[in-house]
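One structure below.
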Amino acid sequence: MVNKRVTDILPPRSSEPIIPEREEVEEIPKKKERAGAAPPKITKIRISGPTSKFGLILTLAVLILVGGFCFFTLSKANIDVWPKTESLTVKTKLTIDKTAQTADLTRKVIPGEIFEKEKTIKETFPSSGKTLKETKAEGDIRIYNAYSTSPQIFVVNTRFISTDGKTFRTPVKVTIAGGHYEKGKFIPGETDIKVIADEAGPEYNIGPSTFSIPGLAGTEKYTKFYAKSFQAMAGGFSEEVSKVTKEDLESAENSLTKKVKEECEAFLKTELSAEKISSEFDYLEKAIQTEIVEKFSLSKAGDEAENFDFQVKARSKTLIFKKEDLKNFAEEFLLSQISEDQELPGTPKVYEKSLKIDFSPETINLNADKIILSLDTSATLYSDIDISGLKNNLKKKSLLETKVFLENQPEIAKTIVEFWPFWVKSVPENPDKIKFNLNID
């Protein structure tokens, strides 16, 4: 038997390790070379087989994580709902009362507060009256008794005539002392008295003079009794001067009364329009009451003066009320007027943006601190929607299920539902991801 040699068909193993084939990817395409330009370089990226698989897996994992994150954090449901509505207009009367402590729907009363301000005006006015002012000159004279040692009495209004013919009189009875002898020589008696000019006027303001006594004319005493003045007479005056009249005082009072009332009311309104008050309170211009509390002048009719002062003080007041009280009353009264045949499912509410309140004073009695208003109120009422309850019922519902559920709610008239992002197919479980938008047309 001949032994045959069996030859292995496999090539002999090389002592060198087997290197996997590599792919070459050209990233930059060839461009047409410009004349004289160096040939462009070709950048090649070599990706090994195992690295490529790992990168693909990593990319898929990241995408899955990002998608999950977006699904659970960005997903949300936007729901626009239009509740059933009804328009209502009512009329009533409302009393603003300072004595009321709180608003009372049954009695139709809201509290009020007295707000008041004072204003004082003082002005100077010209006097229109004229009068002739006259005064008599006066001065001192010394009367001499050269007649005897016996005193001599002169009655009231005894005349004394100056050397220039001006007559002066004694205002009181006077006694002139008698003369006496010294070393055989007779010394006349003398007495100083006050005399007043017989007439008014500056012409009696004469200088020092000698005076005779016409009442003694024709007797021995005429030359023995005489007088002298050593200083000029003064005070004689006669001219037209201004004086205050009754009409002046009345005119000043009327003028200031009108002015102070206007300024006091303007001051009151300015204070009421201040942000601190106007943001909380309201008032009626027709319900402002102004009265004069003080008026006087130091001058009287007949006083001589070119000008005089007059002062008037006024007080303005009104009854203010809180805007919130009026609004709350109007809303409560509207809701109380919904009749049984008016269909508005659920609990009705007032849409505040539609609320209109018109009021005007019907009776104003600030002495009693009360105002009765005529009140016209209108608003849109809508059915209150339990948003929290709807969110709990909508969890995990599909778009169609959500629409059907909402359309079957009696208080809802219309709805629009949107999910976001586009891949979201149901309402999120987290109620914070469910956003309701209330729309009232």
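For region 246-371, what ratio Rg/Rh do Cα atoms give with a Kirkwood hydrodynamic radius?
Values: Rg = 23.7 Å, Rh = 18.9 Å.
On the Cα set of region 246-371, Rg over Rh gives 1.26.
If you take the alpha carbon atoms of region 317-366 and fit the smallest convex hull around them, that volume is 114 Å³ per residue. Taking a sphere under 14 Å around the Cβ of residue 128 and counting the other residues whose Cβ falls inside, with K and R at +1 and D and E at -1, yields a net charge of -4. In this label model, residue 223 and residue 148 are separated by 1.9 nm, measuring between points 7 Å along each Cα→Cβ vector.
Near residue 171: Cβ cut-off under 11 Å, other residues only, Lys/Arg at +1 and Asp/Glu at -1. The net charge is +3. Distance from the C-alpha centroid of region 297-341 to that of region 217-252: 58 Å, rounded to the whole angstrom. Taking Lys and Arg as +1 and Asp and Glu as -1, the other residues whose beta-carbon sits under 13 Å from that of residue 324 total -3. Here the relative contact order of region 281-386, from alpha carbon pairs under 8 Å that lie six or more residues apart, stands at 26 percent. Shown is the FRET efficiency for residue 173 and residue 240, computed with R0 = 30 Å from the Cβ-Cβ distance and rounded to the nearest 0.05: 0.25.
Qualifying chymotrypsin sites (Phe, Trp or Tyr not before Pro) in region 212-257, where qualification requires a DSSP coil assignment and no more than 14 other C-beta atoms within 10 Å, comprise 230.
If you stretched the chain out fully between residue 309 and residue 289, how much longer would it get, using 0.36 nm times the residue separation minus the C-alpha to C-alpha distance? Present the calculation step by step, with values, prior to reporting the outcome.
On the way: separation 20, 0.36 × 20 = 7.20 nm, distance 2.67 nm.
Net length gain for the segment: 4.5 nm.
In summary, the aspartates and glutamates within cross-link reach of residue 269, defined as a Cα separation below 13 angstrom excluding same-chain residues under 8 places away, comprise 116, 118, 282, 285.
Taken together, the values in this text are just the output of simple stated rules run on the coordinates, not laboratory data. What you are looking at is a predicted structure, and each value in this text was computed from that prediction instead of being measured. Here Cβ is always computed from backbone atoms with ideal geometry, including for glycine, and neighbour counts include all displayed protein chains.
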